[in-house]
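Here's the structure, in structure tokens; my notes come after.
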Amino acid sequence: MNVRITQIDGTLPNLALMRLAAYHRARGDQVHFTRQVRRELFEPEYEAVYGSAIFKFSADRVERFKTEFPGAIVGGTGTDSGLTVEGLIGDGTELDYSLYPDFDASIGFTQRGCRLSCKFCVVPMKEGKPRQAATIAQVWRGGSTPRHLHLLDNDFFGQPDWPGRIAEIRDGRFKVCFSQGINVRAMTPEVAAALASIEYRCTDFRRRRLYTAWDNLKDEDTFFRGVDILEAHGVPGRHLMAYMLVGFDKRETWERIHHRFDRMVARGIRPYPMPFDQSRRDLKRFQRWAVLGLYRDIPFSEYDPNIAATRSAVRRRGDGDLFEGNSPWSRLENIP
Ligand code: SF4
């Protein structure tokens, strides 16, 4: 049987598609993995076609894909489909890493669910309260693969046995990327000390980095209380990248946005604005100015992406400053 597996968006390996591929290969099926939503020139006919989109802003690509492959099974948080990979193939946990030959880390969840319930987020509705999903030993591919773990947990410290997982990370000398972020609002001295004891890394594992979020101005005191606890235990502000949702709060003004931004920069934190509405060009422009690090060179009021001075500042800073390897955009999958 010929099977087409299509990753419609996202830069990180897609776990659902990796499971589908493993399931079909185990049955002797021919698996064709692609990111192309259009049928390519010499593609065969397929007995099964799958597509996954995790971002709402991929709606156009999803529609094009459905037009090209009318019988396709399409799912993911970027679609309105309620389909789950468990519903399709059961509870198998095998992952087919061969879809991503350039990705040498191990990826997965140690827990699902979240203790909080942010208004814009689908995780509490889809996954409920935190529960354990796997140990570190189960996430790591083993063998000669690097001891690099990319954990997709939305609330790592919400699982009851997080000390056990931290001990596994520390004792196994793993480098770990928490790309969905750790919850700084629920920071405690125990959690901060645990984080300080492990090799937390950015998405390409080169830099020390913890991802967190400050989405709403009303959380200012709680956010900085968490930052203070982290610093007191040896995690400096410069190791933090904070996603900041913009364009969601009805009372938001540019003054309030800049207040959040400036307070983080003053503590050495790297803010990462995430426009709720991807069609807001002003917020996209703000995001670009921020993630390129241009705020160190040019005030936002003078920032014009089209002028030569901006272009040369971008060149000086280089693309590496933009995404630190893979983009941490995956958090946007939480935005309905
Ligand atoms: S945004 Fe993060 S902290 Fe808030 S409910 Fe979603 S997963 Fe939990």
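The values are calculated or read from the model by the stated rules, or taken from the named source; none is laboratory data. Everything numeric in this text was worked out from a predicted model, so none of it was measured. All Cβ positions, even for glycine, are placed from backbone atoms using ideal geometry, and neighbour counts span all protein chains on display.
Arg238 fails exactly one of the following numbered conditions: (1) assigned to a helix (DSSP H, G or I); (2) buried (at least 18 other Cβ atoms within 10 Å of the Cβ); (3) not polar (S, T, N, Q). What is the number of that condition?
Every condition holds for Arg238 apart from (2).
Being within 14 Å of Gly108 (Cα to Cα) and over 19 Å from the mean Cα position of the chain (by Cα) is the filter here, so list the residues in region 137-168 that pass it.
Correct list: Ala137, Gln138, Arg141, Gly142, Arg147, Arg165.
Conditions (1) touching a Lys or Arg at 6+ places or on another chain (Cβ under 8 Å); (2) among the hydroxyl-bearing types (Ser, Thr, Tyr); (3) without any contact (Cβ under 8 Å) to a residue 40 or more places away in the chain; (4) at positive phi, marked per residue:
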position	(1), (2), (3), (4)
Met187	yes, no, no, no
Glu199	yes, no, yes, no
Arg208	yes, no, yes, no
Thr222	yes, yes, yes, no
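Could you look through region 127-158, keep only residues that are among the charged types (D, E, K, R) and either outside any helix (DSSP H, G or I) or in contact (Cβ under 8 Å) with a residue 40 or more places away in the chain (or both), and pick out the one that is nearest to the ligand (Cβ to nearest atom)?
Across region 127-158, the extreme among qualifying residues is Asp155.
Just need a number here: residues in region 10-38 that are under 20 Å from Ala105 (Cα atoms) and outside any strand (DSSP E or B).
Qualifying residue count, region 10-38: 13.
Could you count how many residues in region 145-183 are of a type in the set (Phe, Trp, Tyr) and touching a Ser or Thr at 6+ places or on another chain (Cβ under 8 Å)?
Adding up the residues that qualify gives 1.
State which residue is farthest from the ligand (Cβ to nearest atom) when the search covers only region 161-181 and only residues that are assigned to a loop (DSSP other than H, G, I, E, B) and at pLDDT 95 or above.
Once the filter is applied, the top-ranked residue is Arg173.
How many of the residues in region 184-209 are buried (at least 20 other Cβ atoms within 10 Å of the Cβ) and either within 16 Å of the ligand (Cβ to nearest atom) or small (Gly, Ala, Ser) (or both)?
Residues that pass the stated criteria total 5.
Going residue by residue through region 297-310, is there one that turns out to be assigned by TED's automatic domain parsing to the domain that holds Glu220, part of a helix (DSSP H, G or I), modelled with pLDDT under 85 and crowded, with 17+ Cβ neighbours inside 10 Å?
yes
Under the condition of being under 23 Å from Leu17 (Cα atoms), assigned to a loop (DSSP other than H, G, I, E, B) and not aromatic (Phe, Trp, Tyr), which residue from region 107-126 is farthest from the ligand (Cβ to nearest atom)?
Thr110
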